[in-house]
Every structure is written in structure tokens, then in C-alpha cells.
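Values quoted throughout were computed directly from the atomic coordinates according to the rules given, and no laboratory measurement underlies them. Since the model is a prediction, treat every value here as computed from it, not as a measurement. Positions of Cβ are generated from backbone atoms using ideal geometry, with glycine treated the same way; all protein chains shown enter the neighbour counts.
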Amino acid sequence: MLSYTLTVLLDGISYGMILFIISVGLTVTMGLMRVVNLAHGSFAMIGGYVTAYLTQNGYNFYLGIVAAMIVSGILGGLCEMTIYRPLYRKGELAQVLLTIGVVFVSIALITAVFGAFPYPMIFPDHLNQLVDIGFRTYPAYRLFVIVVGAIIAGSLWYLVEYSLFGAKLRAAVDNSNMARAVGLNVNFLFTATFVAGSALAALGGAIGAGMLSLEPTYALKHIVLFLVVVIVGGEGSFKGSFVAALALGIIDTAGKYLIPEIATYLLYIAVFILLLWRPQGLLPPRSAA
Amino acid sequence: MMNDPKNTAPAAGPQMLGGKFSLTWHLLPWVLAIIFYFTAEGYLSLGTQAIIWVLFTMSLDLALGYAGIVTLGHAALFGFGAYCAGIFSIHVTGDPLTGLLVATVLTAALGFVTGILILHTTGVTFLMLTLAILSMLFEFANSAKWLTGGDDGLQGMSIDPLLGVFEFDFFGHTAYLYSLAILFIWFVIAWQIVHSPFGKSVDGIRQSPKRMRAIGTPVWWRLVAIYTISSAMAGSAGGLLAHSTQFVGLSALSLFTSGIVAVMLILGGTKRIYGAFIGAVIYVFVQDYTAKLNPHLWEFIIGGLLIAVVLFLEGGLISLVDKARDGLARLVGKGERS
């Protein structure tokens, strides 16, 4: 029983870590720029496909991830500078529509290049094996995901809380006008976080391909999950999205083990009730509360 | 470096819709629809699809265009209406009008209840709540195979003849005229609503909820009311879909459907009842054409169009029609509006 619970917990945490890695960029960009970016999943999807393509052609998996992060980061930066920037002054409606347009375009392009069917990711052998973790053997892949997620969460936490860049970022999230007034280059912060967020999404899309499989509709299919993480956690809140991602991962996994028939929609009912109770999310950044 | 975004761009829109919309322009779409019926024999089922989408788009225009309720969950209402009509026809009676009424009323009830719960939130939280409702219904329909057929879709519907006389034939004659008639009824209702004092107050709420509250408008109730009406309309559209195709698929409840209807609305032009006509009809027919060439070309075009319309053409395609009409009026020499 204990081993069963631990297995569910580990599965849930690894799934939650993927959700965190992909969504954390979205949290920052939505908190910072107040843009509803439905196209965030597209950057994760593109990252996944780039890595999968490279591994299928014999390149190293980790090299593929780096390449994917660079590609998605550059694409994200270009999108931010061209089509997202005019959006900051427009309403939500324009943001929703334009970013959903980006989703459609990315789906069409991925389908045209890689076909409409799920695209397999080839993981290196050492991730495909089972590792003995004391009470049972467990897939190395999921442990790897948990470790990567923890490293990223830790370094982001350090970066945001203790570095100068983090201080600037927090200032801009809390009050971008005031940050501008004291001389911060908020536009540069916007672009930099967008690039970093897209690159992290690519990382999540690549190493998460074992759980969220790669297919052209990826960007549309999973965007609700990513948004749940961001909004339940509280827009612009790192801690919030970390907690929300892990909770979502564990609850979803536990639900699928224990009550498979109703787990999927029970999750959304929970989100619904939670948001009615706390419209600002679980841990909103101080100024937004 | 960029064109200055004019947030108030369609300012000329609502006023000039008022009384100056002449009878000729009103007749045009309906006459075209009737001409289509007599000339485009093989395309009637496509035409029926277009009519249904027009109705669905119009419902979104009431909520999103006029009232400024930015929702991505409108497919929830559409799909709910479709499943209601379908399930009702299987388990209760196949009479189409009764079924449509049931679908409409039930969807209105769903809109009313969810509207009461979620309409006091704004922005991203509201958006997320609409997405949560949509996902909830989608997952429910997916797992409740005994009721909805799951991902095989709802099959085995049989629809009785309309009014006991007109059979739903294979070529879609009945379905076409039936849908057109329902669209006309809803069009008249929508037109009356947006030009009523109630409609004006909803328009005001979109522009500034705070000021409307300050002058004593019950903002929340007005929003719930318009959302309920919009839901009823979307439910009707869903019901028509179920009746005309005698099938309901899970895709009716997908985020993609919400996206498509938003595309149609923005393409045609928001806050313009006729914008829905232009957007939906163009979408359905151009999609049908390009899908024959290459099924994925369309997604690319539609995504690109969305980006372009948001960045460069805020009034939608109907604003081009306005410009053409104004130009024409000037050419003819009436020029009273310039």
C-alpha cells in the first residue's frame, strides 16, 4: 500500500514537473505583460518536435534539447518583437484571437512538415531503463524529469529572489509603470523573459514527450492545462505555479489511478470551484492581491 | 513604427447601424440565401452548415461583441445544445421543433446558471472559468459513453418530418429551409435586442462597467441576461446541427470549435449582426474549397487571417463593406454621410 502510494506520488510529481517547466514561462509573461498568450503551447510543441527530429536522425538527445531551446527561444523572441508588442495596448479579445491564430499557424506548419500523426521521441537508452529505488524499480525517465524540474525550480527561485535581474523582474511584475519610471528597461525585460519562457517551454516539450506525446494538436490540446497552472497558481507567481503544477500533476495522476471514469472532469470541476473561491489564484503576487 | 492602434476604431459602427440601414441591405442576405436554395442543388448541406455557423457566430457576437464577455467556452453551449437535441430525439421524441425548443431552453438554463456563477469575475480568471466549463463538458461527454457515445459520437438519431409533413431528405432541402427559418427568427430577436435600451446598456457595460454601475445599471444582471440569451441562441445552433446531420461528435465541444467561431466573428466584424453572416459564410465556403486542395492549408490561412485582422483590420471584413458602400454612395452623388 505504501509502495503504491509512493508510486502514484512519484508519477504525479514527475507529471507536475513537466507542467511546471512548460508553464513557468507563461506565468512570467502573463504576469509581466498582462498578455493572454494561448500560443505558449506552440513553443513547447516546436521544441519537442525539433528534439524528436534530431534524435530520429541520430543526434544526441541532450544536444537536441539545447537546439530546441535555441530554436524556440529565437522564435519566441521574434514573435514578441513583431506581433506581440502591438498587443500590449489592446484588450484581451485581441490577445486571445491573435495568439489562437498563432496556434493554428503552428499546427498547420507542424502538420505540413511532420505529418498529422503522433511523432515519436527517441529517448537515450539510459533513460529507458528501470532503476532500483529501494522499494521497487522505477523508470529512470521519470526520475530524470523530477531531477530536471527540481533543478530548474531551484535555480529560477534563486534567480528571481536573489539576483539583480530577478529584482528588476519582480519590480516590473508588481508595477511596470513604476519600474519604467525608475529607469528599468521594461521592454528589454519583456523580450528577455519571453525568450527564456519559450526556451523553457521547449525544454518541457522535449523531455515531457514521454507523457504529453507529440502531435500537431499538442498546442491546442494541452493549453488548458498550462493555463490552469498559471491561473490557479496566480498570474506572475513562481511559487504559485510550482505548487499548482505539482498539485495538478498529483491530483490528476491519483485520479487516473483511483477513479479513472470520472477523474478527468472532476479535475476541471475542482479548478472551477477553486477559481470561484479564489479568483486571483492560490498564491497571487503581493500587489495583485 | 507601428500604426497607431485605434482602440475606438469601429466608433462609427453602432450609430450608423441604427435607422439608416435601408431595406435593400436588409433583404440582400435573405434573398441570396433563397437564390442559393434554388440554384445550388448539390451544395445545400454545405449551405445548411453555413447557416448554423452564422447563428452560432451571432450568439457569440451578442456575448463577446456587444457585451464584451471575452469567452473561449462558447463551444460548451453549442455542443451542449447539440447533445441535448440528439439525446432528446433518441430517448423522447423525434419531433424536430420540440427537440430544438428543449435544446434551446436547456442550454439557456446552463448559460444562466454558469453565468450567475462566473460573470462577477473578469479577465483571465473569467477566461479560465469558461475553459474549465468547456473542458468539463468535453471530458464528461468523452467518458459517459452510455449517454453520448463517447468519442464515436452520438449515433442512432432519427428525426421525424418537420411539422409532420416535410421529411429530412438526403439532399438537405428541408434542413436548409428549416435552419434558415430558425436563423431568421433569431436574427429578428437579436436585432431587436441590440437596438433596444437593454442592448444599449449592454453596449455601455462593454465600454465601461464602472460608469454603468455609477449611473445605476445592474451590471451583473444585465450580463447574465445577455449571456443567457446568447446561450439559448448557441444551443439552438447546436440543436440545428444535430438535426441536420443526425449526428453529434465530440468535436462540437472542443476548444477548436470555440476558436473557429471566434475566427468567424472577428473575420466578419464584431458588434455588427451582419458581421456574423459574412464571416461564417466565407469561412464555411472557403474552407470547403481549400480543404479539397490541402486539408491543412486552411488552418494556416485562418491563423494568418486572425493575426492580420487583429493587427490591421479591427472592424473585420464588414468594415470593408462599409467603405465600399460609402464609396459607392459618394459616386452616386448622394454623399449625405460624408
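In terms of packing, defined here as the mean over residues of other Cβ atoms within 10 angstrom, the peptides A:7-19, B:61-73 line up highest first as B:61-73, A:7-19.
Please work out the Cα center distance from region A:160-220 to region B:72-141, rounded to the nearest Å. So the two Cα centres are separated by 36 Å. Remark on the protein assembly as shown: ratio of C-alpha radius of gyration to 2.2 N^0.38 Å is 0.99. Expressed as a fraction of 2.2 N^0.38 Å, the value expected for a compact globular protein of N residues, the C-alpha radius of gyration of region B:97-174 is 1.49. Considering only B:Val321, B:His243, B:Ile229, the residue lying farthest towards the positive end of the dipole of chain B is B:Val321, judged by Cα position with unit charges set on Cβ. Derived scalar couplings between HN and Hα for region B:220-225 equal 4, 5, 4, 5, 4, 5 Hz in order, rounded to whole Hz, by the Karplus curve 6.51 cos²θ - 1.76 cosθ + 1.60 (θ = phi - 60°), x for Gly and Pro.
Across region A:54-164, the relative contact order, built from alpha-carbon pairs under 8 Å that are at least six residues apart, equals 21 percent.
Shown in residue order for region B:45-56 are the 3J(HN,Hα) couplings computed by the Karplus curve 6.51 cos²θ - 1.76 cosθ + 1.60 at θ = phi - 60°: 5, 5, x, 4, 4, 4, 4, 4, 5, 4, 4, 5 Hz (x for Gly and Pro). Helix-only arithmetic for the protein assembly as shown: the sum of -39500 (n - 2.57) across DSSP H runs with n ≥ 4, divided by the residue total, places the mean residue ellipticity at 222 nm at -23500 deg cm²/dmol.
Remark: for residue pairs A:Lys90/B:Lys271; A:Lys168/A:Lys239; A:Lys90/A:Lys239; A:Lys221/B:Lys271; A:Lys256/B:Lys145, the C-alpha separation exceeds 22 Å in A:Lys90/A:Lys239; A:Lys221/B:Lys271.
With R₀ set to 45 Å, the beta-carbon distance separating B:Val105 from B:Leu293 gives a calculated FRET efficiency near 0.60.
Both radii come from the Cα set of region B:128-245: Rg as radius of gyration, Rh as Kirkwood radius; their ratio Rg/Rh reads 1.10. Phi angles of region A:54-70 translate, via the Karplus equation with coefficients 6.51, -1.76, 1.60 and θ = phi - 60°, into HN-Hα couplings of 5, 5, 5, 9, x, 7, 5, 4, 5, 4, x, 5, 4, 4, 4, 5, 5 Hz per residue; Gly and Pro are given as x. Charge dipole of chain B (Cα centre as origin; +1 on each Lys and Arg Cβ, -1 on each Asp and Glu Cβ, all else neutral): 1440 debye, rounded to the nearest 20.
Scanning chain B for GluC sites (Glu not before Pro) in DSSP loops with at most 14 neighbouring Cβ atoms within 10 Å leaves B:168-335 as the longest stretch between them. The mean count of C-beta atoms from other chains within 10 Å of the C-beta of residues in A:263-271, rounded to a whole number, is 6.
For region A:130-197, the relative contact order works out to 13 percent when only alpha carbon pairs closer than 8 Å and six or more residues apart are counted. Database remark: amide H of B:Val248 closer than 5 angstrom to the amide H of B:Leu154 (H placed geometrically; neighbours at sequence offset of 5 or more, or on other chains; Pro and chain starts carry no H). Over region A:2-221, the fraction of Cα-Cα pairs per 10 Å bin, rounded to whole percents and listed from the shortest bin up, is 8, 31, 33, 20, 7, 1.
For the pair B:Trp30 and B:Leu313, how long in nm is the line joining their label points, each one 7 Å along Cα→Cβ? Result for the modelled spin labels: 2.8 nm. For region A:227-264 versus region B:197-245, the inter-centroid distance based on Cα atoms is 32 Å. Could you grab the relative contact order for region A:2-221? Cα pairs under 8 Å, six or more apart, rounded to a whole percent. Across region A:2-221, relative contact order equals 45 percent. When the alpha carbon coordinates of chain B are projected onto the principal axes, the ranges are 58, 48, 39 Å, largest first.
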